[in-house]
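One structure is given here, and the rest of the page talks about it.
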There are 2 protein chains.
Amino acid sequence: MMDPRTQARLAIRANVFKALAHPSRLFMVEQLARKSCCVCELTEMIGADMSTVSKHLSVLKGAGIVADEKRGLQVHYRLKMPCVLRFFDCVGEVVETNAKEEWELVKR
Amino acid sequence: MMDPRTQARLAIRANVFKALAHPSRLFMVEQLARKSCCVCELTEMIGADMSTVSKHLSVLKGAGIVADEKRGLQVHYRLKMPCVLRFFDCVGEVVETNAKEEWELVKR
DNA sequence: AAAATACTTGGCTATTTGGCCAAGTAGTGC
DNA sequence: GCACTACTTGGCCAAATAGCCAAGTATTTT
């Protein structure tokens, strides 16, 4: 019946996945993997309101995936847990396999 | 400004993460990694309504993470993309690091 | 063919999430 | 101190998610 400890462990882990479960946040992680950026740079690239971007970043920060540091007027974010990049290969594989299978179904 | 192709690519990938972003679904993936199960077994373990479990499974199936097969009255699900298990090590690492840091803050 | 089992799907409600705008905070430069 | 820039936070609304119950489907059993 799934004891409370297991339940709690899974809930905490689910939060990490939840943090990555948004296109803009994936984009941010990819960018930050290349180089640290201030909020303004990411805002520019994504093209949403800065407040929106800031909130996304705080979700990633809350999950422990990125870290921030104030430099003068700007706040710079960096990828704190580069191991999340390892996810992306597998996700790419999943997506590719799905697409191939769907194609096979529709093809004829 | 994030072109539509990038946008679409990220949205598809985000769906895979979204599928994993729930405690019960993580539990299912872990179980299915050990052995294939029917819906009834997972329902028993999780302790929710069978309809709820069935819906969770269809989310995982929609993301291409699991596959199903009917055997008599039962439907058996299996882990189709075992590479998602590789995520779990990193997620564990993230969670552990977060916990350690939070502890350092509260300690004194 | 009727009953039982193992699911899935539809309907409903409560909660969460995502977005923008407006207002607040924190440094910088005059 | 006052204005300016770079953020963050609160408020609000629209949309998505998660849960249960009830109803529907498919297969087996009697």
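The values are calculated or read from the model by the stated rules, or taken from the named source; none is laboratory data. Since the structure is predicted, the reported quantities are computational estimates derived from the model, not experimental observations. Here Cβ is always computed from backbone atoms with ideal geometry, including for glycine, and neighbour counts include all displayed protein chains. To get the accessible areas, we keep the full protein, side chains included, count just its heavy atoms, and leave off ligands, DNA and RNA. Shrake-Rupley method; radii C 1.70, N 1.55, O 1.52, S 1.80 Å.
A few comments on the model shown:
- Whole-Å semi-axes of the protein assembly as shown's equivalent ellipsoid (Cα gyration tensor): 33, 23, 13
- Full extension of the chain between B:R86 and B:D3 gives 26.9 nm of extra length, using 0.36 nm per residue less the Cα-Cα distance.
- Theoretical gain in end-to-end length, A:A33 to A:E93 [0.36 nm per residue, Cα-Cα removed]: 19.6 nm
- In percent, rounded to a whole number, the relative contact order of chain B is 23, using alpha-carbon pairs under 8 Å and six or more apart.
- Residue among A:A14, A:A33, A:A63 with the largest mean-square fluctuation in a Gaussian network model of chain A, springs linking Cα atoms under 10 Å: A:A14
- Rounded to whole numbers, the Karplus 3J(HN,Hα) couplings from phi for the range A:89-104 are 4, 5, 4, x, 4, 4, 4, 5, 4, 4, 4, 4, 5, 5, 4, 4 Hz, using 6.51 cos²θ - 1.76 cosθ + 1.60 with θ = phi - 60°, and x at Gly and Pro.
- Long pairs among A:K107/B:K35; A:K18/B:K107; B:K18/B:K107; A:K61/B:K107; A:K107/B:K18, criterion Cα-Cα beyond 30 Å: A:K107/B:K35; B:K18/B:K107
- Per-residue SASA entry for B:T52, accessible area with 1.4 Å probe, Å² rounded to 10: 60
- Karplus-derived 3J(HN,Hα), 6.51/-1.76/1.60, for each residue of the range B:65-79, Hz, glycine and proline x: 8, 10, 10, 10, 8, 7, 10, x, 6, 8, 10, 9, 10, 9, 6
- A/B buried area, accessible surface, summed, 1.4 Å probe, Å²: 3700
- Residue by residue along B:21-28, Cβ atoms of other protein chains within 10 Å of the local Cβ number 6 on average.
- Residue of B:E93, B:E30, B:E44 that the Gaussian network model of chain B assigns the largest fluctuation, springs spanning Cα pairs under 10 Å: B:E93
- Near B:K80, the amide H atoms lying under 5 Å from its own belong to B:V66, B:A67; only residues 5 or more places off or on other chains count, and H is placed 1.01 Å from N.
- Computed with a 1.4 Å probe over protein heavy atoms only, the accessible surface of the range B:1-107 comes to 55 Å² per residue.
- Across the range A:4-81, the fraction of Cα-Cα pairs farther apart than 16 Å, rounded to a whole number, is 48%.
- The range B:30-108 versus the range A:1-52: alpha-carbon centroid distance in Å: 20
- Sulfur and carbon atoms: percent of accessible area, the range B:17-97 [1.4 Å]: 51
- Phi angles across the range A:39-56 convert, under the Karplus curve 6.51 cos²θ - 1.76 cosθ + 1.60 with θ = phi - 60°, into 3J(HN,Hα) values of 4, 4, 5, 5, 4, 4, 5, 7, x, 10, 4, 4, 5, 5, 4, 4, 5, 4 Hz, Gly and Pro given as x.
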